[in-house]
Amino acid sequence: MITVTDATKDWGDFRALDGVSLDVPSGSLTALLGPSGSGKSTLLRAIAGLETLDSGRIEIGGVDVTDVPPQRRGIGFVFQHYAAFRHMTVRDNVGFGLSIRKVAKPTIHSRVDELLELVGLGGLQDRYPAQLSGGQRQRMALARALAIQPEVMLLDEPFGALDAKVRAELRDWLRHLHDEVHVTTILVTHDQEEALDVADHIAVLNHGRLEQVGNPTDLYDHPANSFVMGFLGSVSRLGHTLVRPQHIELRKLAPGEEPVVTDWSAAKITERAVVERVTHLGFETRVELVTLPSGDRFTAALTRKNANELDLAVGDSVLATADRDTEHATFDDWSI
Amino acid sequence: MALPTRTTPRAPAGRPTSRRPAARHFRLGGIDPATLGVVVLWVSVLVALPIAALLALSLSGGPQGFLAAVTRPSALTTLGLTVALAAAVSLVNAVMGTVIAWVLVRDDFRGKQVLDALIDIPFALPTIVASIVLLSLYGPDSPIGVHLAGLRAGVMLALAFVTLPFVVRAVQPVLRELDTEAEQAAASLGAHGWTIFRRIVWPVLMPAVASGTGLSFARAIGEFGSVVLIGGNLPGRTQVASQYIQQLIEAGDQAGAAAVSVVLLAISFLVLTTLRVTSSRMQQREEAA
């Protein structure tokens, strides 16, 4: 268990962390999610001891480590750009932490072999980092961090420097590795898809503040505010309400038909709109609409089947409705 | 080295056959024969031919003459002293230059730009001016009461003065490029300051320190102007090889002067080559393909 209490950090005039308190459960894979400048990396580096807080406390496994140097925190840290020791072989890179701990050479040897097997780099012991691909270097960095059997693994945008395909592969692989190794892991990312995909806990940060903590479905379905809702998925604005595009229902109006709205309760949002564009994206159909009479634009996402039944064409008049209840995330936003 | 003209088996079929002439125009690795001629001529006129002439002159008294000139007790003493002083100064430079470069790259303080600019001054000054500068502070009329004129310490000071920038300027860019995250990673793995320096930073810095040290040795071994005034040209005590050579020339022993010069040249060349080979080996290990 990692407990951060009231963490605050200023960079000159910029407040990177503004009173963040967070519990990270033991054995979890928690993502710190937020846009750049939200303080997520600063928080991670503070947990590692690579950054000192201006105020606040950090506990790892019940021990206050606020003033403990990184060397004695028992953490494994993985950097976005690998931070490989370029002049050492893969074997020496991975064995570095153990050699610092004065572990006997044969023990290091076999432990490194084991770890490299675990991260899928078996047989590459004698290569230099320059001879590895980006994905392999990051696996090596993970093995290097795991070698010291850390209580906590901290990953700072670990897939950020990799191309999309390798990123997706490594993400799956990390998930499986975590199921196998079960060390408490915190992952920093600005990619909501990555967070939803990999993490069992997500903490959303914005402007140095913690916006919401929860499991991925909770955050997606019950965002605490419009920022979290917007950051964890696409959002459409229907009137003054933010809704998920796939929660908008469309009914086609016959030419000249005046819609009879039966439910004017606060639980239903209703707008008249005209279809501006229809895009088929394989499994779903995206419909771009303009509300009447205000002229606001919004997007609805329909299933392919639903779209085929409606058979919408550009210029069609529709009635767009969305439910406002606990099943559907909605937010009132009067900023426009 | 992969040149664009190389025919790769993976090249897609059906590419325009005009590839060869185009490659000739845009090839970056190749050179024009005329350019090569100019380079060879220039280096010959400046370096190769004068050195050949020097060699010829040094051997004008035959191999025996050469040997006699360089094994004379006075020659051996001054050569030994020069090499010892140059080596000592270079070692000091290796340490101090690295420390100065470290401070300039890693620390932030007021007057950093000024300090950075000061490093080049000894290099920019005419060496005789350097000698006057040092003499005015450490000479017989020293305002601070430190008298180094006519002492080996004075010669060392002068040599250290003129060779100050070499290690600093060699190490600085490497240090600037150094990945500080690697050091943080080492810290998170349990390594403390000195261990991080020894195992993570030093192996990357070493080739640059070696090349800077080699250059400063080569410069120190042949230094003349800056030691003239402060050293006092005392044979066996402060007379360095370049001054000994001048003394031989003034005495009309052209061949002897040339012979001692050839030995100096050989020592510099040997040191520079050794350092270049070791540092390129280290580099190869690091970037082994």
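Near B:VAL240: Cβ cut-off under 15 Å, other residues only, Lys/Arg at +1 and Asp/Glu at -1. The net charge is +2.
Treating only the Cβ atoms of Lys and Arg (+1) and Asp and Glu (-1) as charged, compute the dipole magnitude of the protein assembly as shown about its Cα centre; round to the nearest 20 debye. Don't jump to the answer; show the numbers that get you there.
On the way: 55 positive and 63 negative charges, 716 e Å.
That gives a dipole near 3440 debye.
Using the Karplus relation 6.51 cos²θ - 1.76 cosθ + 1.60 with θ = phi - 60°, the per-residue 3J(HN,Hα) values for the stretch A:211-216 come to 8, 6, 10, x, 7, x Hz, with x marking Gly and Pro.
Think of the stretch B:51-134 as a dipole: +1 on every Lys or Arg Cβ, -1 on every Asp or Glu Cβ, centred on the Cα centre; then among B:ALA101, B:ALA68, B:LEU91, B:ALA68 lies furthest on the positive end. Principal-axis analysis of the Cα atoms of chain A puts helix A:134-146 at an angle of about 60° to the longest axis. Take the stretch A:235-333, compute every pairwise Cα distance, and split them into 10 Å bins from 0; I just need the percent in each bin. In order of increasing distance, the bins hold 16, 52, 30, 2 percent.
Restricting things to alpha carbons, find the Rg to Rh ratio for the protein assembly as shown using the Kirkwood radius for Rh. Each step should come with its number before you reach the end.
Working: Rg = 36.0 Å, Rh = 31.3 Å.
On the Cα set of the protein assembly as shown, Rg over Rh gives 1.15.
For the protein assembly as shown, lysine pairs separated by 8 or more sequence positions, or belonging to different chains, with Cα-Cα distances below 25 Å total 5. Think of the protein assembly as shown as a dipole: +1 on every Lys or Arg Cβ, -1 on every Asp or Glu Cβ, centred on the Cα centre; then among A:LEU116, A:ALA195, B:VAL129, B:VAL129 lies furthest on the positive end.
What whole-number volume per residue, in cubic angstrom, does the convex hull of the C-alpha atoms of the stretch B:88-130 give?
Numbers: hull volume 3.1 nm³, N = 43.
So the per-residue hull volume is 73 Å³.
Amide H contacts for B:GLY232 (H built 1.01 Å from N in the peptide plane; partners 5 or more residues away or on another chain; cut-off under 5 Å): B:GLY150.
Which of the three applies to chain A, rounded, prolate or oblate, going by the alpha-carbon gyration tensor with a ≥ b ≥ c and a/c under 1.5 meaning rounded? Could you put the intermediate results ahead of the total?
On the way: a/c = 3.24, a/b = 2.03, b/c = 1.60.
Note, shape of chain A comes out prolate.
The angle between the Cα long axis of helix A:90-100 and the longest principal axis of the Cα atoms of chain A comes to about 70 degrees, rounded to the nearest 10.
Taking amide H positions as modeled 1.01 Å from N, with prolines and chain starts lacking one, the residues under 5 Å from A:SER236 and 5 or more places away or on another chain are A:VAL243, A:ARG244. Please work out whether the stretch B:136-260 counts as rounded, prolate or oblate from its C-alpha gyration tensor, where a ≥ b ≥ c are the square roots of the eigenvalues and a/c under 1.5 means rounded, while otherwise a/b larger than b/c means prolate and anything else oblate? Judged from the Cα gyration tensor, the stretch B:136-260 comes out prolate (a/c at least 1.5, a/b above b/c).
Which shape class applies to chain B: rounded if a/c is under 1.5, otherwise prolate when a/b exceeds b/c and oblate if not, where a ≥ b ≥ c are the square roots of the Cα gyration tensor eigenvalues? Because a/c hits 1.5 or more and a/b fails to exceed b/c, chain B counts as oblate.
About its Cα centre, how strong a charge dipole does the stretch A:2-228 have in debye, to the nearest 20, once Lys and Arg get +1 and Asp and Glu get -1 at the Cβ?
Working: 22 positive and 31 negative charges, 221 e Å.
For this selection, approximately 1060 debye.
Comparing B:SER142, B:SER261, B:SER58 in a Gaussian network model of chain B, where Cα atoms under 10 Å apart are tied by springs, the biggest mean-square fluctuation is seen for B:SER142.
By the helix-only formula, in which each DSSP H run with n ≥ 4 contributes -39500 (n - 2.57) and the sum is divided by residues, the protein assembly as shown has a 222 nm mean residue ellipticity of -15000 deg cm²/dmol. For the stretch B:209-215, 3J(HN,Hα) computed residue by residue from phi via the Karplus equation (6.51, -1.76, 1.60; θ = phi - 60°) reads 4, 5, 5, x, 5, x, 5 Hz, glycine and proline entered as x. Which of these, A:PRO158, A:PRO129, A:PRO106, has the largest mean-square fluctuation under a Gaussian network model of chain A (Cα springs below 10 Å)? Its mean-square fluctuation being the largest, the pick is A:PRO106.
Close amide-amide hydrogen proximity is noted between A:VAL78 and A:LEU154, A:LEU155, A:ASP156, each under 5 Å apart and 5 or more residues distant or on a separate chain (H modeled in the peptide plane; Pro and chain starts excluded).
Taking a quarter of the surface of the convex hull around the Cα atoms of the stretch A:1-65, what do you get in nm²? Walk me through the intermediate numbers first.
Details: hull surface 16.8 nm².
Mean projected area of the Cα convex hull: 4.2 nm².
Laboratory data are not the source of any read-out in this text; all were calculated from the coordinates shown. All figures in this text were calculated on a predicted structure; none of them were measured in a lab. FYI the Cβ positions are ideal-geometry reconstructions off the backbone, even for glycines, and counts take in every protein chain you see.
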